[in-house]
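For reference, the structure is listed below as structure tokens.
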Amino acid sequence: MNRLRSFLPIAVLLGLAASASSQVQVALQIPKSSYLHGEAVQVGVRITNLSGQDLVFQGSARKSWIDFMVNSSRGVPLTPIGSPAFGTVKIPAGKTVARSVNLNRLFSLNDLGNYSVYAIVRPPGGLSGGFQSQRHLFTVSTAKPYWSQVVGVPGKKGESREYRLIQFTGGREMQLYIQVANAKTNYIVRTHGLGEAIMFRKPTVAIDGALTMHVLYLATPELWGHARVNPDGEFLGRDLYK
């Protein structure tokens, strides 16, 4: 009898802890499960306040109020290279706030393979613990270029880039990508998705006098897309034509 009594306070504390953790719900959203090497891995997080009172989430100069945890396929946590700068966020009682972040700005996702990600939201007032989202899996893959060309870099003697036009599904319909890589080290500078492409009309690629890459492709049965990227990997825009 005495032994059962000694367990009762522990059970009560565990129940209270579970109740408190359910007062803030954190949901992580990721649009797809497969990404091309260098492509932006954009994730969204939705935070719902069920506490019955307004909550203010505020970080400090050393620690953000929200963190994203990314593990490799071996379960090894990746070391952050940046921190999400969301600032102070007030969530009224019963309301939901949504934020998004590019994981490439927070972690080095240069290795091909599988990753997992989840979010942790720290309680207001600097309290210990946190509210954790569900875990999502995603893969970083590579693909053989449909077209490629090595060019120099204006103003940077001895440097060169490889432009690549790549077809990649990413678990969905066929997508067209422009990838810019260091021609000597193969380091991926940037990867830009152009969206769905209809490949029964082959894309046309050209390099102009400023060494800018131009891609003309059929985006829909009635629309052509014209995208431009420079050797630094900067996306210069896309126009649509009938």
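What to note about this one:
- Computed from the C-beta positions of K90 and R228, the FRET efficiency with R₀ = 41 Å rounds to 0.50.
- From the Kirkwood radius over Cα pairs of the range 109-242, Stokes-Einstein at 25 °C and 0.890 mPa s returns a whole-number translational diffusion coefficient of 143 µm²/s.
- For the pair D208 and T142, the difference between a 0.36 nm per residue extended length and the Cα-Cα distance amounts to 21.1 nm.
- The charge dipole of the range 30-90, taken about the Cα centre with unit charges on the Cβ atoms of Lys, Arg (+1) and Asp, Glu (-1), comes to about 80 debye, rounded to the nearest 20.
- Calculated translational diffusion coefficient of the chain (20 °C, 1.002 mPa s; Stokes-Einstein with Kirkwood radius over alpha-carbon pairs) equals 102 µm²/s.
- Farthest positive-ward along the range 49-183 dipole, Cα basis, beta-carbon charges - from F138, M69, F86: F86
- The magnitude of the dipole of the range 113-242, with charges of +1 and -1 set on the Cβ of Lys/Arg and Asp/Glu and taken from the Cα centre, is near 220 debye.
- Degrees between helix 2-21 axis and first principal axis of the chain (Cα, 0 to 90, nearest 10): 40
- Placing unit charges on the Cβ atoms only, positive for Lys and Arg and negative for Asp and Glu, gives the chain a dipole magnitude near 520 debye about its Cα centre.
- Close amide H partners of W147, meaning residues 5 or more places away or on another chain with modelled amide H under 5 Å apart, are L165.
- Rolling a 1.4 angstrom probe over the protein heavy atoms with all chains in place gives the chain an accessible area of 57 Å² per residue.
- For the range 97-102, Karplus couplings with θ = phi - 60° (6.51, -1.76, 1.60), whole Hz, Gly/Pro x: 10, 10, 9, 9, 8, 8
- Long-range amide H partners of Q175 with built H, under 5 Å: F168, T169
- For a label point 7 Å along the Cα-to-beta-carbon line of Y187, residues of the range 145-171 with backbone N under 13 Å: 159-161
- Shape of the range 110-166, Cα gyration tensor, a/c cut at 1.5: oblate
- Label sites at L112 and L240, each approximated as a point 7 angstrom past Cα along Cα to Cβ, lie 3.3 nm apart.
The values are calculated or read from the model by the stated rules, or taken from the named source; none is laboratory data. As the structure is a computational prediction, the values presented were derived from the model and not from experiment. Virtual Cβ from ideal backbone geometry, glycine too; neighbours counted across all protein chains shown. These accessible areas exclude ligands, DNA and RNA; they are computed on the full protein's heavy atoms, side chains included. Shrake-Rupley method; radii C 1.70, N 1.55, O 1.52, S 1.80 Å.
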